[in-house]
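Visitor: This is the structure I want to talk about, given as structure tokens.
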Amino acid sequence: MRRKLAAGNWKMNGTAIALAELEALARAFPSPSVDVLICPPATLLHSAAKALGGTDIAVGGQDCHAATSGAHTGDISADMLADAGATSVILGHSERREDHGEQNDDIRAKARAAMDAGLKTVICVGESLEQRDAANTLDIIGGQLSGSIPDQSTGENLVVAYEPIWAIGTGKVPTLNEIGEVHDFIRARLERRFGEGVGRSVRLLYGGSVKPTNASDIFAVSNVDGALVGGASLKAQDFSGIIDALS
Ligand code: 3PY
């Protein structure tokens with residue numbers, strides 16, 4: 001039985017003031033049956049981990065470097081994330097693939113480093129609108145899965161997030177059938193590569209314009225084990241509505 005997971009991706013939003021929202025979320029935390037993860041910007045990791053210490057809400061990073069240390073100005077290693085209190089890291093978000101030219105190989109190397117540091121990884125995959133319109137969605141997702149996910153993955157250290165690029169921050173959401181088709185495909189690919197035991201234990205999140213108003217319908221789709229939430233995770237009230245829909 002896979003535990004449900006609600007993960008909030010704050011992206012490049014949030015100052016110390018936003019921590020008050022986190023504390024409100026911790027107070028409003030509606031369900032012990034759902035795992036909750038907040039990924040604030042790196043500047044807030046340490047204070048978020050401190051503010052949420054003793055609650056059931058975990059804290060994660062939004063990226064890490066593939067090396068453990070060294071001359072990489074501006075970068076953060078997986079060990080540093082763990083040192084700041086993170087237990088997870090998002091990798092391969094389409095905004096990083098786009099803004100930083102990250103390729104599947106880079107993401108796999110980062111994921112290896114994160115897993116070696118004891119972090120859980122949330123590896124993102126998703127197609128663009130052009131790719132969907134050209135009926136290439138499953139080919140693209142298949143390539144991202146085989147290229148980005150390391151061999152050492154297990155149900156403990158890997159979560160896969162399906163985020164169609166055209167649904168991120170646009171308010172557009174795929175149909176429930178489209179979500180189900182991709183999630184079933186990801187599950188089948190994981191089972192084929194890692195065997196049924198591991199393949200069935202990896203949690204699959206849907207991400208892209210998830211809100212309290214559409215969350216219940218999305219969570220009823222087969223092989224959807226939770227959500228990677230953008231803007232709605234910045235407001236305690238909205239995020240706890242999404243957590244509620246998972247409970
Ligand atoms: C979104 O929903 O905007 C996201 O990109 C979550 O990662």
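Visitor: Once you list every other residue whose beta carbon is under 14 Å from the beta carbon of residue 193, what net charge do they have if Lys and Arg are +1 and Asp and Glu are -1?
Guide: Values: positive: 108, 187, 189, 192, 200; negative: 151, 191, 196.
Here the charged neighbours net out to +2.
Visitor: Give the range of the longest stretch in the chain that excludes all trypsin sites (Lys or Arg not before Pro) found in loop regions by DSSP and having at most 16 other beta-carbon atoms within 10 Å. Can you show the working numbers first?
Guide: Details: sites that count: 2, 3, 172, 235.
Of all site-free stretches, the longest is 4-171.
Visitor: Holding the Cα-Cα limit at 21 Å, pick out from 11/235; 4/211; 4/120; 11/211; 50/110; 4/110 the pairs that are longer than that. Walk me through the numbers before you get to the answer.
Guide: Details: 11/235 13 Å; 4/211 16 Å; 4/120 15 Å; 11/211 16 Å; 50/110 25 Å; 4/110 25 Å.
Beyond 21 Å between Cα atoms: 50/110; 4/110.
Visitor: Right, here's the next one. How much accessible area per residue does the chain have, in Å², with a 1.4 Å probe? Please list the in-between numbers first.
Guide: Working: 10850 Å² over 247 residues.
Normalised by residue count, the accessible surface of the chain is 44 Å².
Visitor: For the range 3-76 and the range 94-170, compute the distance between their C-alpha centroids and round to whole Å.
Guide: For the range 3-76 versus the range 94-170, the Cα centre distance is 20 Å.
Visitor: Residues with beta-carbon under 14 Å from that of residue 168, excluding residue 168: net charge, scoring Lys, Arg +1 and Asp, Glu -1? Can you show the working numbers first?
Guide: Working: positive: 11, 96, 97, 132, 172, 211; negative: 95, 98, 99, 127, 163.
Local net charge: +1.
Visitor: Also, I was wondering about something else. Give me the number: length gained by fully extending residue 196 to residue 134, i.e. 0.36 nm times residue separation minus the C-alpha to C-alpha distance, one decimal in nm.
Guide: Values: separation 62, 0.36 × 62 = 22.32 nm, distance 3.11 nm.
Full extension of this stretch gives 19.2 nm more.
Visitor: While we're looking at this one, here's another question. Would you mind calculating the relative contact order of the range 1-107 from Cα pairs under 8 angstrom and at least 6 residues apart, reporting the percent as a whole number? Mind showing how you got there, number by number?
Guide: Numbers: 152 pairs, mean separation 24.7, N = 107.
Normalised by residue count, the contact order of the range 1-107 is 23 percent.
Visitor: Then there's this: For the range 4-236, just the Cα set please: Rg and Dmax, both in angstrom.
Guide: Values for the range 4-236 (Cα only, Rg and Dmax): 16.6, 48 Å.
Visitor: Can I ask one more? Which value, in debye to the nearest 20, gives the size of the charge dipole of the chain about its Cα centre, when Lys and Arg are +1 and Asp and Glu are -1 at the Cβ? Intermediate values should be presented prior to the final figure.
Guide: Details: 22 positive and 31 negative charges, 95 e Å.
The dipole of the chain has a size of about 460 debye.
Visitor: Further question on the same structure: To the nearest 20 debye, what charge dipole does the range 1-93 have about its Cα centre, counting +1 at the Cβ of each Lys and Arg and -1 at the Cβ of each Asp and Glu?
Guide: Values: 6 positive and 8 negative charges, 66 e Å.
Its charge dipole is roughly 320 debye.
Visitor: Placing +1 on the Cβ of each Lys and Arg and -1 on the Cβ of each Asp and Glu in the chain, which of 100, 5, 131 has its Cα farthest towards the positive end of the resulting dipole?
Guide: Of the listed residues, the answer is 5.
The values are calculated or read from the model by the stated rules, or taken from the named source; none is laboratory data. On a predicted model such as this, the values are computed, not experimentally measured, just so you know. Heads up, the Cβs are rebuilt from the backbone with ideal geometry, glycines too, and the neighbour counts pull from every protein chain shown. SASA here: full protein model, heavy atoms, side chains in, ligands and nucleic acids out. Shrake-Rupley method; radii C 1.70, N 1.55, O 1.52, S 1.80 Å.
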